[in-house]
1. Which value, in Å², gives the accessible area per residue of segment B:288-342 when a 1.4 Å probe is used on the protein heavy atoms?
2. Within segment B:32-54, which residues have the backbone N less than 19 Å from the label spot 7 Å out from B:Ala25 along Cα→beta-carbon, could you tell me?
3. For segment A:33-156, what is one quarter of the convex hull surface built on the Cα atoms, given in nm²?
4. Could you give the length gained by full extension between A:Tyr161 and A:Val34, i.e. 0.36 nm per residue of separation minus their alpha carbon distance, to one decimal place?
5. Can you give me the long-range amide H partners of A:Thr38? Hydrogens built in the peptide plane at 1.01 Å from N, cutoff under 5 Å, separation of 5 or more residues or another chain.
6. Run through the DSSP bridge list for chain A and note the antiparallel percent, rounded to the nearest 5.
7. Rounded to the nearest 10 Å², what accessible area does A:Leu134 have for a 1.4 Å probe in the complete protein model?
8. Can you list the distances in nanometres, one decimal and ascending, from the B:Thr11 label point to the identical position in each other copy, with the point 7 Å along Cα to Cβ?
Protein chains: 2
Amino acid sequence: MIIDCHGHYTTTPAAHQTFRDAQLARLDDPGLPVPAPTAISDDEIRDSIESNQLRVQSERGTDMTLFSPRASSMEHHVTDPATAAAWARACNDLIHRVTGLFPRNFAAVCQLPQTPGGELTGSVAELRRCVGELGFVGCNLNPDPSGGYWTGPPMTDEYWYPLYEALAELDVPAMIHVSQSRNPDAHTLGAHYLNADTSVFMQLVQGDLFARFPSLRFVIPHGGGAVPYHWGRYQGLTVRMGRPPLAGHVMGNVFFDSCVYHQAGMDLLLRVIGPGNVLFASEMLGAVRGINPETGSGWDDTKRYADRAGLGEHDLQQVFEDNARRVYPRLDAQLKSAEAAG
Amino acid sequence: MIIDCHGHYTTTPAAHQTFRDAQLARLDDPGLPVPAPTAISDDEIRDSIESNQLRVQSERGTDMTLFSPRASSMEHHVTDPATAAAWARACNDLIHRVTGLFPRNFAAVCQLPQTPGGELTGSVAELRRCVGELGFVGCNLNPDPSGGYWTGPPMTDEYWYPLYEALAELDVPAMIHVSQSRNPDAHTLGAHYLNADTSVFMQLVQGDLFARFPSLRFVIPHGGGAVPYHWGRYQGLTVRMGRPPLAGHVMGNVFFDSCVYHQAGMDLLLRVIGPGNVLFASEMLGAVRGINPETGSGWDDTKRYADRAGLGEHDLQQVFEDNARRVYPRLDAQLKSAEAAG
């Protein structure tokens, strides 16, 4: 089985955005009524998935995608908690319906109703609802709700502890994923995403978060930002700063996904980080769509790169399946239950 | 000849910091007298260089370092223009003395007196003084004077044009280099430096700066941040965004240095970007000092990685020398003049 740990519902029916637009309009004009999520039929959802993510799964030979709401649309920079809560709920409910319609192909990962500097009570409640009531197997966690201005505390700060306690209790990991950049200096897809991955990794090097939360697990997407390419820098800095070696201090709890869109990058990731800390992922249909004219295949067809990275069968099995089952034990349980049911 | 395009004077005599401390003290207490740079003898400078950068040059077999003031001490977040001007002048004068004492081993690159959102008049004047009067061959340019909050405009904005006009007229390149991070989310050496490299590259993809300034040249340090590792992402985004191909749009004017501190990273850089756009650099003695216990050599001994990257003689010659002479024509002229003088 090939598990893709990183996919977003980027092809939602238009009615979903209509609801969001109504939310934002009401923030501008509080005299407007509180909008309710627009009705979307099962057929509309089926169409939006079958012609997109399900088609690509089939073409590329992957089996199961961990599926979450569109990252750039989480829009945690919008400060109103009630708006954030209703938006996250609507987004997550839609993901739940996708996994209900295609249980063999998608497992659910939720969006949290974060706001810049806001209390995490609502995020903990939505996490509990999604995991406890709806069968979600993980969440996305935004380290910069301000959207590119980095006005909040590092991920090692006590601010985040209520959420970490819930993650540990529920035994689900968080993928560290920012939303859209509001800052013209940092393009969302070409800078902000990667910079966030890099910054958070270094925060974890500086802090001692996993001493406090030994079972907490983070997936850092986009191949770990700049980190694997600069692995020597991090090893050297660790020594210079008197931090414990990365292996025990960070890499027992941190995993990189494989969203690196060329062969040389994938080769480096697997060579430097090793197959034990890499989870297969493509983020299709995501930031980078279209065909590389030099190879004739999709830029984000990361399975091709992984297949050609020279890994042995055991290592490839870890990257494609075993690591994901280990990092997402609720996914593993669901898969085993489905296998037992035939 | 092996030219290291990226070195900072990180080992200045203590008196230099005494001056800086006096500057900052006066900002807190304007009743204090305006400080003057503390006297430093030639012998103190010689000692600080001979036992450090010159020793390492000799040990590693490199010949010439492009030498600029300590990057993290540029402190462009300090908003007072007069303080910034006096500090940049003192830092640059010290670099000028180093190159006067060791003209065969160091060429001078200057710091600009930038301030967050401040006019660039003082920066243009200091650039002209350094290049026109003191023989400097390039400058460092900080894309985020705010120190990690990114409150200014992108590098493609007209705000920067007066400086670009001066760079073009003087025919000197700028190394894009931030100073210390004031933001606890982004560690200076482990996140802010790399993120800045990544963000600026993407700004250049988004904009059309080199159509407006066809002779302008930027060196993006630290191996180009995350960019080479994510080269497929940038190629795919370029197509998706309808931007021109990177080769003509950006890579005719942008060069990456080779400050990547492990073999796999160097291999990727040279494989993906190619020897025509990489300038040899180590940033010794910089962010990452000390010995890698697995190899027994310095993390930042990038010459070892470059030597082992499998390049042919011609390609290695480009990376070690020819590209630097091309990107820094005033360095080339100085070297030719010194060679002619025997």
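1. 53
2. B:32-40
3. The directionally averaged projection comes out at 8.9 nm².
4. Here the answer is 42.5 nm.
5. A:Phe19
6. Bridges in chain A that DSSP calls antiparallel: roughly 5 percent.
7. The value for A:Leu134 is about 40 Å².
8. The answer, with the shortest distance listed first, is 5.9 nm.
The values are calculated or read from the model by the stated rules, or taken from the named source; none is laboratory data. Computed from a predicted model, the values in this text were never measured in an experiment. Note that each Cβ is placed from the backbone with ideal geometry, even for glycine, and that neighbours are counted across all protein chains shown. Surface areas here come from the heavy atoms of the whole protein model, side chains and all, with no ligands, DNA or RNA. Shrake-Rupley method; radii C 1.70, N 1.55, O 1.52, S 1.80 Å.
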